[in-house]
Amino acid sequence: MEIDAILKPFQRFGVHLGCDRIHKLLQNLDNPHLQVPVIHVAGTNGKGSVCAYLSSVLTQAGYRTGRYTSPHLVNWTERISFNEQQITTEDFCQVLLQVQNAISPNEESPTQFEVITAAAWLYFAQQKVDIVVMEVGLGGRLDATNVCPQPLVSVITSISREHWQQLGSTVTEIAGEKAGIIKPGCPVVMGQLPPDAAEVVQTRAKELNCRIFIPKPAHKLDHLVTTAEYQSIFSQKTIKYPLALAGQIQLANSALALATLEILQNQGWEKITEAGIIQGMGKTKWLGRMQWTSYTINETTYRILIDGAHNPAAAKALREYVDSLNTKSVSWVMGMLSTKEHDKVFEELLRPHDSLYLLPVPDHSSAKPDELAALAKKICPQLNFCQTYSDLNLALDAAFSVPELDYFISNNSDIDKTKYLVILCGSLYLIGYFLSK
């Protein structure tokens, strides 16, 4: 049986926040979530990267490590991993069927996300993991992952105005939802939040008698931010480590992960060593986020940078990384969902003389490319080029067919190819579609 076939009946319930259904479902499964220690990670942006760092280091340290993240880009199996290996399709189907059989016909049906989350907890318990890195799906307080009474550490990476339709129209309201993962007496690691949001989180932590740690972003040790130095939250000690994930934003994300690891060390997780941290950070992978890959057209292979950049904060981080590369020409290949803040994303990304190639996001509620084009020209009237395309291949082929790019690649093969840069971004679903082709 296929994963899609099992999950499809639950699609109709959509996004329906609340923990009552997941609690009942987990109770029917003998409460697997109470059998494994958990690090719980929330945030608007950065939570996936933090989870990836933590999972990599803990696996490197020799712990049986589970990781649960969402959404997936290509395959459902990306969401659940054990020791850095995705769950197999066979194992995923098996635990999903066990969850399906545990659903009481006399109770309200769980949502698709709740079914997958319950399957993750069940799988981790069956694998007898030592520790789970659990990423919040949406918000925090009413998210299906928020069922653990005493996480080892609660992490809140960042807060900005995202998913306001479900979480509240202001950053303060959204902060209140994300602070809902904080539990009595459990340590909290907090990123560099807007002042109003930080106050909400700190107030909640104080109410629940939680010690809160706010690590400083690490220092970059080279121009392209491939190595960094982090200062301990407990002492003056520092550690130098490789940054496998690209972008200056990783100075902050990696510091949050290292602060969390320090807290674990203080809790008695003795196998976490400096050498293991360095090796684990260097091995970290996170698909589709400021990732360099390739695209081939007419038997010529080009480098391409791919990233979700699906909200203003993520777009800002991507633009900062692009600017650090000293590019001569920037071409954006973009599609966005209809629900996103298109104007604010464009304001963060676009600069005079950039080129913009717009297309719909396949199989999703996409913004109309012609409306995006009009908006982009209004926000950045000095764009070098702005055109719409009906599909991804047409847009990419056009972006890679400019004369100066062909000349550069064919005559300067040993020169840094980032001087003529093509970036695919705007939606994680679009990135997933690209990676699946």
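Against the list (1) assigned to a strand (DSSP E or B); (2) within 29 Å of Phe10 (Cα to Cα); (3) of a type in the set (Ser, Thr, Tyr), the condition Thr145 fails is (1).
Counted as qualifying within the range 15-108 are the helices (runs of 4 or more DSSP H) with 3 or more residues that are under 19 Å from Val189 (Cβ atoms), namely 47-60. When we screen Gln86, Gln94 for residues that are surrounded by fewer than 20 Cβ atoms within 10 Å (Cβ to Cβ), within 22 Å of Asp307 (Cβ to Cβ) and free of Cβ contacts under 8 Å to residues at least 12 places away in the same chain, the only hit is Gln86. Is the range 342-358 home to any residue that is part of a helix (DSSP H, G or I), at pLDDT 95 or above, more than 21 Å from Ser160 (Cβ to Cβ) and not polar (S, T, N, Q)? The answer is no, given that none of the residues of the range 342-358 is part of a helix (DSSP H, G or I), at pLDDT 95 or above, more than 21 Å from Ser160 (Cβ to Cβ) and not polar (S, T, N, Q). Within the range 49-83, restricting attention to residues that are hydrophobic (A, V, I, L, M, F, W, C) and over 19 Å from Gln250 (Cα atoms), the residue that is surrounded by the most Cβ atoms within 10 Å (Cβ to Cβ) is Ile80. Selection within the range 276-306: residues that are more than 21 Å from Lys47 (Cα to Cα), surrounded by fewer than 16 Cβ atoms within 10 Å (Cβ to Cβ) and in contact with a strand residue (DSSP E or B) (Cβ under 8 Å, 6 or more places away or on another chain). The member of this set that is modelled with the lowest pLDDT is Thr301. The condition of being out of contact with any Leu (no Cβ under 8 Å at 6 or more places or on another chain), at pLDDT below 95, β-branched (Val, Ile, Thr) and surrounded by fewer than 19 Cβ atoms within 10 Å (Cβ to Cβ) holds for Thr172.
Picking from Tyr302, Tyr230, Tyr241, which residue would you name as being within 30 Å of Gly335 (Cα to Cα) and touching a helix residue (DSSP H, G or I) at 6+ places or on another chain (Cβ under 8 Å)? Within the list Tyr302, Tyr230, Tyr241, the selection yields Tyr302. Select from the range 376-399 the residues that are touching a helix residue (DSSP H, G or I) at 6+ places or on another chain (Cβ under 6 Å) and in a helix (DSSP H, G or I) and write down the one among them that is farthest from His342 (Cα to Cα). Applying the filter and picking the extreme gives Ile379.
For the range 208-228, taking the residues that are charged (D, E, K, R) and in contact (Cβ under 8 Å) with a residue 12 or more places away in the chain, the one that is nearest to Leu264 (Cα to Cα) is identified as Arg211.
Listed by first and then second residue, the pairs with beta-carbon distance under 6 Å, at least 6 apart or on different chains, first residue in the range 141-158 and among the aliphatic types (A, V, I, L, M), second part of a loop (DSSP other than H, G, I, E, B), are Leu142/Leu17; Leu142/Gly18; Leu152/Pro37; Val153/Pro187; Ile156/Gly43. Total residues in the range 45-83 satisfying the condition of being β-branched (Val, Ile, Thr) and either touching a Gly at 6+ places or on another chain (Cβ under 6 Å) or without any contact (Cβ under 8 Å) to a residue 60 or more places away in the chain (or both): the figure is 4. Per the listing Leu287, Leu318, Leu305, the residue uniquely within 28 Å of Gly191 (Cβ to Cβ), in contact with a Phe, Trp or Tyr (Cβ under 7 Å, 6 or more places away or on another chain) and either in a strand (DSSP E or B) or not acidic (Asp, Glu) (or both) is Leu305.
Residues in the range 242-284 that are assigned to a helix (DSSP H, G or I) and under 30 Å from Ala315 (Cβ atoms): 17 in all.
Criterion applied to Ala309, Ala259 was being aliphatic (A, V, I, L, M) and in contact with a helix residue (DSSP H, G or I) (Cβ under 9 Å, 6 or more places away or on another chain), and the one residue passing it is Ala309.
The values are calculated or read from the model by the stated rules, or taken from the named source; none is laboratory data. Computed from a prediction, not measured in an experiment: that's the story for all the values here. Positions of Cβ are backbone-derived with ideal geometry, glycine not excepted, and every protein chain shown enters the neighbour counts.
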